[in-house]
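Notes follow once the structure below has been shown.
The values are calculated or read from the model by the stated rules, or taken from the named source; none is laboratory data. This is a predicted model, so every value here is computed, not measured. Cβ placement follows ideal geometry from the backbone for every residue including glycine, while neighbour counts extend to all protein chains displayed. Protein only, heavy atoms only, side chains kept; ligands, DNA and RNA dropped before computing areas. Shrake-Rupley method; radii C 1.70, N 1.55, O 1.52, S 1.80 Å.
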Amino acid sequence: MPSPGQTAPELTERAADLVVIGGGLGGVAASLTAARLGLKVLLTEADPWLGGQLTVQGVPPDESAWVESHPNSASYAEFRERVREHYRRNFPLTAEAAADPLLNPGAGGVSRLCHEPRVGALVLEEMVSPLLSSGRLQWLREHEPVAVEREGTRISAVVVRDLCTGEQSRLSAPLIVDATELGDLLALGEIDHVIGAEARSEHGELHAPEVADPLDQQAITWCCALEWAPGHDELVPRPELYDRFASVVPDFWPGPQLSFSDVHPITLEVRHRSLFVGDPADQEETARTNDLWHYRRVRSRAQLHPDTPGGEVTLANWPQIDYWDLPLLGVDAEQRTLAEHEARQLTLSLVHWLQTEAPRTDAAHGGKGYPELRLRGDVMGTTDGLARQAYIREARRIKARFTITEEHIGREMRGQFTGSAQFPDSVGTGHYRIDLHPSTAARNYVDIDCFPFQIPLGALIPKDVENLLPANKNIGTTHITNGAYRLHPVEWSIGEAVGALAEICRRHGADPAAVHESAELTGELQTLLSEGLGVRLEWPDAIRRRLP
């Protein structure tokens, strides 16, 4: 806002067929799909990198067990293969690693494709590069939304600000996509939405709390990259909040967070996991699944020629740095800034503790501290060693024409081999457990099994606006089902469906709701997705029902 006596800055007017605000995986998939189909697309992202949770937030892809055999879409499979090809072209891989069609660069346990965040950002930019060259896609880097102009039930424009120059632009298009990490346009445009947890009575969800609580939001995590680098001298100074995180014991947790003790997400039993099982370079399955280090390792020396410099690198996204003290949504800017600061302090405190105080599994350094560890900010594109942004698990969610609830996908609610609900308006598929991390309401994990599921078109269409679509964690899920729909390939599929929907709307001069209401137009969209784009709209029955 200009100060009294000042005039508002002149806005640069930009128009396109589709405006996508937010360059996470959903925003990239929406932009890529629409531009490849011939639409003129304007994409904005507050960060210099594309990729959201995969890159900017520093989280290797969490994917279904069938990601290789039954990919959710051809374009997501293309992204994954391009990552592998990047390593084959540019890294000194061993002959065995280079020849492996299922190359996992980091050999981490969380994913079949653990890779450095900066590599993901490079590959995504490579994928959009020909579209940028052609002019089909215009990417406004380091631009954030500051205002939404709404006329009744339509969004007429979004105003964005260049974070480097302060200059503002008004972006207009027949369709606007909110692909931001927190659903920013929903708040700016006063679009009906939900934050936090719904009451059990609202949707009848078995694992919902009895009372609604908008401030019950999943913990955020400020991830970091750590290298095993014996002989370095780059120790993290004692952070200002170190004593707090080293001593305070939350009511629902077995001890201070600066500890190797936590709880099992499913059983809530106390467990103890060391930093390493064996050597940091181990490839054994027991190490990859039972310690902290190997689970999200993104650089494995075993995949590289022996004379390659540099050490093993892992990404820390562990319960020890889940920040659950303050929420990001439903609070003022000052409290949000405080929450982000304290989340960073928690991560730095953990690294300091690991380097100086953590109990070792060997007798080196008196059995205390791992000074061999150091932050590797260059892996994240930062100088402080931390990710570019906090890892966001939960956003504002639209009040949609259709809401996906636990009853549609939860195994306990549906029955052992019943399978997920089948949606006639499916525009994609996905799978992940319903995984809610400890929350800002002092609630512990809610981690429950669910069936491989579909993405219904009705969950992508808001009730109260005609031309805005969500393409991130802001679709029509609940607090519970967001825990399954929030992961990388599902977000990509949501964005891809939105990009294809934009093309159907353009062809027929229709709004998204009209497409949803028409069986013929919905069928045309599904044909475009399945036959034109190689998107999976349903799971084979044996997978959907998780038959033994």
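List of remarks:
- Total residues in segment 326-364, condition in a helix (DSSP H, G or I) and more than 30 Å from SER274 (Cβ to Cβ): 6
- The lone criterion from (1) farther than 19 Å from LEU140 by Cβ; (2) open to solvent by 10 Å² or more (accessible area, probe 1.4 Å); (3) in contact with a Leu (Cβ under 9 Å, 6 or more places away or on another chain) left unmet by GLN53 is number (2).
- Segment 462-479 residues that are within 10 Å of ILE176 (Cα to Cα) and touching a residue at least 12 places away in the same chain (Cβ under 8 Å), paired with ones that are of a type in the set (Phe, Trp, Tyr) and surrounded by fewer than 24 Cβ atoms within 10 Å (Cβ to Cβ) (beta carbon under 6 Å, 6 or more apart): none
- Taken over segment 246-268, the residue count meeting the criterion of being open to solvent by 20 Å² or more (accessible area, probe 1.4 Å), without any contact (Cβ under 8 Å) to a residue 60 or more places away in the chain and charged (D, E, K, R) is 0.
- Selection status of ALA395, crowded, with 22+ Cβ neighbours inside 10 Å and farther than 30 Å from ASP192 by Cβ: no
- Here the strands (runs of 3 or more DSSP E) wholly within segment 405-473 that include at least 2 residues being open to solvent by less than 10 Å² (accessible area, probe 1.4 Å) are 426-430, 434-436, 453-456, 468-470.
- Residue check, GLY108 under 27 Å from GLU394 (Cα atoms), at pLDDT 95 or above, in contact with a strand residue (DSSP E or B) (Cβ under 7 Å, 6 or more places away or on another chain) and not charged (D, E, K, R): no
- Looking across segment 134-149 at every residue that is charged (D, E, K, R) and either at pLDDT below 95 or in a strand (DSSP E or B) (or both), the one that is most open to solvent (accessible area, probe 1.4 Å) is identified as ARG141.
- Condition check for THR356: farther than 28 Å from ARG396 by Cα, among the hydroxyl-bearing types (Ser, Thr, Tyr), out of contact with any Lys or Arg (no Cβ under 7 Å at 6 or more places or on another chain) and modelled with pLDDT under 95: no
- Failed criterion for CYS223 (all others in (1) out of contact with any Ser or Thr (no Cβ under 7 Å at 6 or more places or on another chain); (2) open to solvent by 40 Å² or more (accessible area, probe 1.4 Å) hold): (2)
- Residue within segment 373-392 that is within 29 Å of VAL465 (Cα to Cα) and crowded, with 20+ Cβ neighbours inside 10 Å present: yes
- On inspection, ARG271 passes the criterion of being open to solvent by less than 70 Å² (accessible area, probe 1.4 Å), over 29 Å from ARG118 (Cα atoms) and not β-branched (Val, Ile, Thr).
- So ASP243, is it farther than 23 Å from PHE91 by Cα and open to solvent by 20 Å² or more (accessible area, probe 1.4 Å): yes
- Positions within segment 300-325 being open to solvent by 40 Å² or more (accessible area, probe 1.4 Å) and not in a loop (DSSP other than H, G, I, E, B), in sequence order: ARG301, ALA302
- Residues that are within 20 Å of the chain's Cα centre (by Cα) and aliphatic (A, V, I, L, M) were ranked within segment 327-336; the one that is surrounded by the fewest Cβ atoms within 10 Å (Cβ to Cβ) is LEU329.
- Residue in segment 481-513 that is nearest to the chain's Cα centre (by Cα), counting only those that are of a type in the set (Val, Ile, Thr) and in a helix (DSSP H, G or I): VAL490
- The residue of segment 498-547 that is surrounded by the fewest Cβ atoms within 10 Å (Cβ to Cβ), among those that are without any contact (Cβ under 8 Å) to a residue 60 or more places away in the chain and closer than 24 Å to PHE451 by Cα, is ALA542.
- VAL277 fulfils the conditions (1) open to solvent by less than 20 Å² (accessible area, probe 1.4 Å); (2) modelled with pLDDT under 95 except for a single criterion, (1).
- Of all the residues in segment 97-133, those that are assigned to a helix (DSSP H, G or I), surrounded by fewer than 18 Cβ atoms within 10 Å (Cβ to Cβ) and without any contact (Cβ under 8 Å) to a residue 40 or more places away in the chain number 6.
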